[in-house]
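A.B. asks: Dropping the structure in here first, questions after.
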Protein chains: 2
Amino acid sequence: MVCERNTIQKEKIFKYLSSVETHPTAETVFNEVRKEIPSITLATVYRNLNKLAEQGCVHRLELNGEYHFDGRQGMHQHGVCRKCGKIIDFIDSEISKNALKKINSADFEAEDVTIIYSGVCKECKYTGRN
Amino acid sequence: MVCERNTIQKEKIFKYLSSVETHPTAETVFNEVRKEIPSITLATVYRNLNKLAEQGCVHRLELNGEYHFDGRQGMHQHGVCRKCGKIIDFIDSEISKNALKKINSADFEAEDVTIIYSGVCKECKYTGRN
DNA sequence: CCTTTAAATAATAATCGTTATTAAATAGTA
DNA sequence: TACTATTTAATAACGATTATTATTTAAAGG
């Protein structure tokens, strides 16, 4: 079975990721989950996050020099603000499906596609932050 | 001007990236460029690569837990083999243009899009490697 | 040219995110 | 209940990247 969650630790980690709309790092997940399981270590969090990602239960994004984890189900895209680093979701499975459809190479069998927009978020645009 | 290259070090780094079709890490660039400038250090290579990326002269990709640098000009996409990690180029600016066109959010002003396919390369498919 | 000033360099150390190791604990199964 | 494989906590180690600093170099104006 794909999304087995056979330890308390793994289950709490998955539940937390599923409960938020953000894209936390392992450190953030650790700080949340340790409220419920004080003895848990960062290494355990990493191990379970990576396993969940391997199993396809969560997404792992490489952004801003670190891994971010994303519990949202279904095809979606991300936007990353080049000023503040904020990550937001775009939900339009057509975009991803179209991009996948158009790749047809003898050298590579595409199974999935990651689409990341870079630009400026609303807050940074208004404040003129940089 | 966008792509100023005002030191020997920066120029050689840019020339090397422009001369290859691969997506080398800073370490690889360092090992190549030091053949011509033996005194150069890895930190200098990083600094110049990041500056070139900021200036839009090269692309910086976050893949397999490290940065890869890409001197190819123009919109293109990448495929990453989930078995061996190999990175290949796809050149179809329409895919990227379409993906950019479809994003129209009040919360985010998209300037650029990164499209990364994951899948299996020809070699890994034939050999059944994992 | 020569001087000045800001920026880049080499050398090195430090930092940060992530993974490896290991003995003890736990889950799953017979 | 007993057995076996997996997972855990604790800790150390690793690898990629960035910071520091004294020295050198580039660039622009006089």
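A.B. asks: I'd like to verify a number: residues in the range A:49-70 that are away from every other protein chain (no Cβ under 12 Å) and open to solvent by 40 Å² or more (accessible area, probe 1.4 Å), how many?
C.D. replies: Quick first cut of the range A:49-70, residues away from every other protein chain (no Cβ under 12 Å) only: A:49, A:51-52, A:55, A:57-58, A:69-70.
From what's left, open to solvent by 40 Å² or more (accessible area, probe 1.4 Å): A:51, A:55.
Matching residues across the range A:49-70 total 2.
A.B. asks: Take the conditions surrounded by 15 or more Cβ atoms within 10 Å (Cβ to Cβ) and away from DNA strand C (no atom under 16 Å from the Cβ) and apply them to B:Gly74. Does it pass? Steps first, answer last, please.
C.D. replies: Details: surrounded by 15 or more Cβ atoms within 10 Å (Cβ to Cβ): no; away from DNA strand C (no atom under 16 Å from the Cβ): yes.
So B:Gly74 fails the test.
A.B. asks: Would you please name the residue that is least open to solvent (accessible area, probe 1.4 Å), looking only at residues in the range A:105-119 that are touching a residue at least 40 places away in the same chain (Cβ under 8 Å) and within 14 Å of B:Ser118 (Cβ to Cβ)? Before the answer, list the steps.
C.D. replies: As a first pass, look at the range A:105-119 and keep what is touching a residue at least 40 places away in the same chain (Cβ under 8 Å): A:114, A:116-117, A:119.
Next cut, within 14 Å of B:Ser118 (Cβ to Cβ) only: A:114, A:116.
On the way: A:Thr114: 54, A:Ile116: 26 Å².
Applying the filter and picking the extreme gives A:Ile116.
A.B. asks: Please state which of the following conditions A:Asn6 fails to meet, knowing it meets all the rest: (1) in a loop (DSSP other than H, G, I, E, B); (2) open to solvent by 80 Å² or more (accessible area, probe 1.4 Å); (3) under 21 Å from A:Val113 (Cα atoms).
C.D. replies: (3)
A.B. asks: Of all residues being assigned to a helix (DSSP H, G or I) and more than 8 Å from chain B (Cβ to nearest Cβ) in the range A:71-130, which is farthest from A:Val20 (Cα to Cα)? Just the residue, please. Steps first, please.
C.D. replies: Just the residues of the range A:71-130 that are assigned to a helix (DSSP H, G or I), to begin with: A:93-102, A:122-127.
Those still in the list that are more than 8 Å from chain B (Cβ to nearest Cβ) too: A:93, A:96-97, A:101, A:123-124, A:126-127.
On the way: A:Ser93: 20, A:Ser96: 23, A:Lys97: 25, A:Lys101: 31, A:Glu123: 21, A:Cys124: 23, A:Tyr126: 26, A:Thr127: 26 Å.
Residue satisfying both the conditions and the ranking: A:Lys101.
A.B. asks: Quick one: how many residues across the range B:31-60 are within 10 Å of DNA strand C (Cβ to nearest atom) and of a type in the set (A, V, I, L, M, F, W, C)?
C.D. replies: Matching residues across the range B:31-60 total 6.
A.B. asks: Only one residue in A:Lys122, A:Lys86 is surrounded by fewer than 16 Cβ atoms within 10 Å (Cβ to Cβ) and on the phi < 0 side of the Ramachandran plot. Which one?
C.D. replies: Working: A:Lys86 fails: surrounded by fewer than 16 Cβ atoms within 10 Å (Cβ to Cβ).
After ruling out the rest, the residue left standing is A:Lys122.
So that you can scan it fast, the table gives a plain yes or no per residue for (1) in the same structural domain as A:Cys121 (by TED's automatic domain parsing); (2) free of Cβ contacts under 8 Å to residues at least 24 places away in the same chain; (3) away from DNA strand D (no atom under 11 Å from the Cβ):
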| position | (1), (2), (3) |
| --- | --- |
| A:Thr44 | no, no, no |
| A:Asn64 | no, yes, no |
| A:Cys84 | yes, no, yes |
| A:Ile95 | yes, yes, yes |
| A:Ile103 | yes, yes, yes |
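A.B. asks: Still on this structure, please answer the following. Just the residues that are within 22 Å of B:Gln77 (Cβ to Cβ) and of a type in the set (Val, Ile, Thr), please, taken from the range B:30-59. Step through it out loud before you land on a result.
C.D. replies: Initially, the range B:30-59 is screened for residues within 22 Å of B:Gln77 (Cβ to Cβ), giving B:49, B:52-59.
Selection gives B:Val58 alone.
A.B. asks: Here is a follow-up. If a residue must be within 13 Å of the chain's Cα centre (by Cα), more than 21 Å from B:Asn64 (Cα to Cα) and open to solvent by less than 60 Å² (accessible area, probe 1.4 Å), how many such residues does the range B:14-48 contain?
C.D. replies: Final tally of qualifying residues: 2.
The values are calculated or read from the model by the stated rules, or taken from the named source; none is laboratory data. Model, not experiment: these values are computed from the prediction. Positions of Cβ are generated from backbone atoms using ideal geometry, with glycine treated the same way; all protein chains shown enter the neighbour counts. When the accessible area is computed, the model is the full protein with side chains, heavy atoms only, and any ligands, DNA or RNA have been set aside. Shrake-Rupley method; radii C 1.70, N 1.55, O 1.52, S 1.80 Å.
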